[in-house]
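K.L.:
Submitted below is the structure of interest, expressed as structure tokens.
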Amino acid sequence: MRKVSRLSRFNVASLALGLAFLYLPILILVIYSFNASRLVTVWGGWSLRWYYEFFDDRAMIEASWMSLRVAVASATIATLIGTLAAVALSRGERFRGRTLFSGMLYAPLVMPEVITGLSLLLLFVALNAERGFWTVTIAHTTLTMCFVAVVVQSRLGSLDRSLEEAAMDLGCAPARAFLSVTLPLIAPAIVAGWMLAFTLSLDDLVIASFTTGPGSATLPIRIYSEVRLGVKPEINAICTLVIALIAVVIVLASLASKLSSSRGESAAPL
Amino acid sequence: MSGRRIFARPARFAAIAPYVWMVLFFLVPFGFVLKISLSQTAIAQPPYEPVFDLTAGWTAIQAAFAALSLDNFKLLVSDDLYVFAYLRSLTVAVTATALLLLIGYPIAYGMARLPKRWQAVAMVLVIVPFWTSFLIRIYAWINILQHDGLLNRILLALHLVSRPVVWLSTDTAMYIGIVYSYLPFMILPLYATLAKMEPALEEAAADLGAPPWQVFWLVTFPLSLPGVGAGVLLCFIPIVGEFVIPDLLAGSNSLMIGQTLWLEFFTNKDWPVASAAAIVLLVVLLAPLLLYERLQRRQLEEQ
């Protein structure tokens, strides 16, 4: 019998090239953030100079602080509401407007951000809301809760329902069964959802630009306005710090999903 | 006890908060976009003349409906600038999606053929850049592609070119940026279908004498079509409305619709035209959006 070889040379080459393509640019950015030279492309030896420069830059620090607060607040609200949405979709029976509900949850995953941003801004203007921390937080919550809902829903879908049934057969009220059986089982997916929401919020430029007000720029907005003027080594340093923060978040999230996979199937689709 | 029905009633209550939130912050805002797209531009703050004022009573609303204006939409259709922007957005999205499929497929295929243990590692490696900031990844490419950037210096050192090539502000740079940013979105759904595929099917085709390219083209590829569909939609829809990548990497002589919208809104302060542009963009994307939702629903609910 002739066997199709499982891993051809072509497979290996495309994998290696693909991963190099994904990682080299980020690696180069990180290395050059430690460059002593002002010219981004000339190597002048290792130095932490641009990190000091960042910590002296009040506007950048303020923007970072704003971004972190928005990310924590919006990720937390999004995780609460997104988890509720996931439970409703995977455990609720058919209810009126269910198609519209799931439609509204899945559409923002791919909706161009210029549309979401513009429409939210027009709402805030119509409501006469003062634009700043809360408008950006609400906007980010609206986007990221959809990602949380998908991650948690896919975990709920792969869960063995006989556990919930057993709890209820043994006399648990539905709410009790949910809190003491289902919730611990989906907890890793909820944690992963929070992390994803956090990084998405930290990253967003377009929606934040539309929904923020004067004087409360987020970090991506500051970075963007600097990048438009050209490459600056200080930006490399800031980007490296953001990457480091996200790396910590990823490690925590993967620990959470390891916990989840040891209890069943792996959770996150993204 | 019926398994499907557990929690049914309380779970329905769980829908209330997210439902209200999404109606208020996702659905209702589109009404405002539509309303303002039908308004007149004004030099004021906010920069538009409201078409109707709900506090003014029924007759005023009727009068306002009579005064609705399609001028902004007429402008979008008659002005070449906008027509070209839409055409360019679609062309860029189609080209970039094709490139992504061409580059992403071999990578996903390679992943699916790794031993099981390595598959998990490869998957994490593909997902990690997705978590890294979008803006930072574009900025990383500006570092590499600029006039005295790494790419030009390597090319010069290898004597492949005699003077630095202009990379930034070209379509090439933009395509590199788009492919780089969206690659995980293409690879993951492709990998998901390819990994589930029964290897015996490919082996059977090979046993029956099919050469490798035929095995791929007649067996593997058709079976992976659901993944291809998901990946294509996941990339195509957001790329059509993309703003950051063309703004930072492409030249400024031809704009995509996301850039035009941004320009009308932030620079020209013409909110009605920006809103009309958003409505047209939404209409263009409606069919792929609905298709994507159906795929997503089927994937999540028929587990």
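The values are calculated or read from the model by the stated rules, or taken from the named source; none is laboratory data. Quick caveat: nothing in here was measured; it's all calculated off a predicted structure. Neighbour counts are summed over all protein chains in view; Cβ atoms, including those assigned to glycine, are modelled from backbone coordinates with ideal geometry. Please note that ligands, DNA and RNA were not included when accessible areas were found on the heavy atoms of the full protein model with its side chains. Shrake-Rupley method; radii C 1.70, N 1.55, O 1.52, S 1.80 Å.
K.L.:
I need the phi-derived Karplus couplings for segment B:126-140: 6.51 cos²θ - 1.76 cosθ + 1.60, θ = phi - 60°, integer Hz, Gly and Pro marked x.
P.N.:
Using θ = phi - 60°, the values come out as 7, 6, 3, x, 5, 7, 6, 3, 4, 4, 5, 5, 5, 4, 4 Hz.
K.L.:
List the residues whose amide H sits under 5 Å from the amide H of B:GLN40, counting only those 5 or more places along or on another chain, with H placed 1.01 Å from N in the peptide plane.
P.N.:
Distant-sequence amide H within range of B:GLN40: B:GLU49.
K.L.:
Right, next: Mind putting a number on the dipole of segment B:70-301 about its Cα centre? Charges go on the C-beta only, +1 for Lys and Arg and -1 for Asp and Glu, and I need it in Debye to the nearest 20. Show your work: numbers first, answer last.
P.N.:
Values: 13 positive and 15 negative charges, 105 e Å.
So the dipole magnitude of segment B:70-301 works out to roughly 500 debye.
K.L.:
If the reach is capped at under 19 angstrom between alpha carbons, list the aspartates and glutamates near B:LYS196, excluding any in the same chain fewer than eight residues apart.
P.N.:
Result set, ordered by chain and number: A:GLU265, B:GLU301, B:GLU302.
K.L.:
Provide the packing ranking of B:170-178, B:143-151, B:104-112, i.e. peptides ordered by the mean count of other C-beta atoms within 10 Å per residue, highest first. Could you put the intermediate results ahead of the total?
P.N.:
Numbers: B:170-178: 20.3, B:143-151: 18.1, B:104-112: 24.4.
My ranking of the peptides, most packed first, is B:104-112, B:170-178, B:143-151.
K.L.:
For segment B:70-301, state what percent of all Cα-Cα pairs lands in each successive 5 Å bin, counting from 0 Å until the bin that includes the largest distance.
P.N.:
With a bin width of 5 Å, the distribution comes to 1, 6, 11, 14, 15, 14, 12, 10, 8, 5, 2, 1, 0, 0.
K.L.:
Something else: Pick out, from A:ILE246, B:LEU68, B:TRP167, the residue whose Cα sits farthest towards the positive end of the charge dipole of the protein assembly as shown, with +1 on the Cβ of Lys and Arg and -1 on the Cβ of Asp and Glu.
P.N.:
With unit charges placed on the Cβ atoms, the residue in question is A:ILE246.
K.L.:
Using unit Cβ charges (K, R positive; D, E negative) and no other charged atoms, how large, in debye to the nearest 20, is the dipole of segment A:71-262 about its Cα centre?
P.N.:
Numbers: 12 positive and 11 negative charges, 31 e Å.
With only Lys, Arg, Asp and Glu charged at Cβ, the dipole is about 160 debye.
K.L.:
Something else about it: From the phi angles alone, apply the Karplus equation (6.51, -1.76, 1.60; θ = phi - 60°) to segment A:26-33 and give each ³J(HN,Hα) in whole Hz, x where the residue is Gly or Pro.
P.N.:
Running phi through 6.51 cos²θ - 1.76 cosθ + 1.60 with θ = phi - 60° gives 5, 4, 4, 4, 5, 4, 6, 6 Hz.
K.L.:
Partner chain Cβ atoms within 10 Å, averaged over the residues of B:247-256 - can you pull that number for me?
P.N.:
On the way: counts 4, 3, 0, 0, 0, 0, 0, 0, 0, 0.
The per-residue average across the peptide is 1.
K.L.:
Between segment A:67-115 and segment B:221-283, what is the C-alpha centre distance in whole Å?
P.N.:
Answer, in whole Å: 22.
K.L.:
Averaged across the residues of A:196-207, what count of C-beta atoms belonging to other chains lies within 10 Å of each residue's C-beta? If you can, show how the numbers build up before the last one.
P.N.:
Details: counts 2, 0, 1, 4, 4, 0, 2, 7, 3, 7, 8, 0.
The per-residue average across the peptide is 3.
K.L.:
Applying the Karplus parametrisation 6.51 cos²θ - 1.76 cosθ + 1.60 with θ = phi - 60° to the phi angles of segment B:208-215, what ³J(HN,Hα) value in whole Hz is obtained for each residue in order, glycine and proline being reported as x?
P.N.:
7, x, 6, x, x, 5, 6, 4
K.L.:
Any chance you could list P(r) for the protein assembly as shown, counting all Cα-Cα pairs in 10 angstrom bins from zero, rounded to whole %?
P.N.:
3, 16, 25, 26, 18, 9, 2, 0, 0
K.L.:
Now for a separate question. Please list the non-local residues whose amide H lies under 5 Å from the amide H of A:CYS172, H modeled 1.01 Å from N, same-chain partners needing a gap of 5 or more.
P.N.:
none
K.L.:
Given a 1.4 angstrom probe, I'd like the percentage of the accessible area of segment B:171-214 that is carbon and sulfur, rounded to a whole number. Don't skip to the answer; put the middle values down first.
P.N.:
Values: 1170 of 1770 Å².
Carbon-and-sulfur percentage of accessible area, whole number: 66.
K.L.:
Across peptide A:180-191, what mean number of C-beta atoms from other chains lies inside 10 Å of a residue's C-beta?
P.N.:
0
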